[in-house]
Every structure is written in structure tokens, then in C-alpha cells.
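Undergrad: First the structure, which I've put down as C-alpha cells, then a few questions once you've had a look.
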Amino acid sequence: MNLENLHSKLVRVERANPPSDQVPYAFERRIMARLKAHPLADQWAFWARALWRATAPCIAIVLLLCAWSWLNPPAPAPSTMAPAVDVAQDLENTLLAAADQELPADSSR
């Protein structure tokens, strides 16, 4: 359809029927009532509802993993393998490696 032709037809119809100066009775109240009937969607409420619904599955997964790690006995280390690695000690050494380094002597003093 030709948009220019449609536009001209709509303008002709609009000029033939000018709007009335009267406002219908209680027009503002009806509009405000319709606006209040359809409140805006709160995006944060959607996120909060979804996160609260996700708590039960997350807690169930955590409990299952805790039970699995508690009830699963550790496998005995064979004597032919390397000794067990102390992860806590390795982590501490890694984090404190920068603190253990000595600062270079300042030659300008």
C-alpha cells in the first residue's frame, strides 16, 4: 500500500471531523483507574522471586555433596605413588611468596 496515499486520506478524514471541546464526564478518573489497574512490572521482583525459588535446589545439592564427601571414604594411597600433597601448605606458600621476597637495597641512600 502506498504510504503517502494513506497519509493523505487520514489527514482528509481528520480535517473533516474536528475534535470536540467537551471532555467526557469523569474522564480523568477513568484513565487513572485504568493506569492503577495495570501496575508496572518490577524487574527486581522477578529476579528476587527467581532467586528465592532457586534456594531449595541449591540447598539440596549442597547437602548431597556434603553427604557424599562425608560418607565417601578416602582411597588409601599406594606406597608406590608420591607422598600425599598438603594443599593447605601449598596455598599458604603461594599466597605468601610475595611477602617472603626481600626488597632490593636502595642504592641512592
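The values are calculated or read from the model by the stated rules, or taken from the named source; none is laboratory data. Keep in mind that this is a model prediction, so the values were computed, not measured. Note that each Cβ is placed from the backbone with ideal geometry, even for glycine, and that neighbours are counted across all protein chains shown.
Undergrad: Out of the range 14-44, which residues are assigned to a helix (DSSP H, G or I) and not basic (K, R)?
TA: So in the range 14-44, the residues assigned to a helix (DSSP H, G or I) come out as 14-16, 27-37, 43-44.
If the condition is that a residue be assigned to a helix (DSSP H, G or I) and not basic (K, R), then E14, A16, F27, E28, I31, M32, A33, L35, A37, Q43, W44 are the ones that fit.
Undergrad: Return a yes/no flag: does the range 63-75 have any residue that is out of contact with any strand residue (DSSP E or B) (no Cβ under 6 Å at 6 or more places or on another chain), modelled with pLDDT under 75, surrounded by 10 or more Cβ atoms within 10 Å (Cβ to Cβ) and part of a loop (DSSP other than H, G, I, E, B).
TA: no
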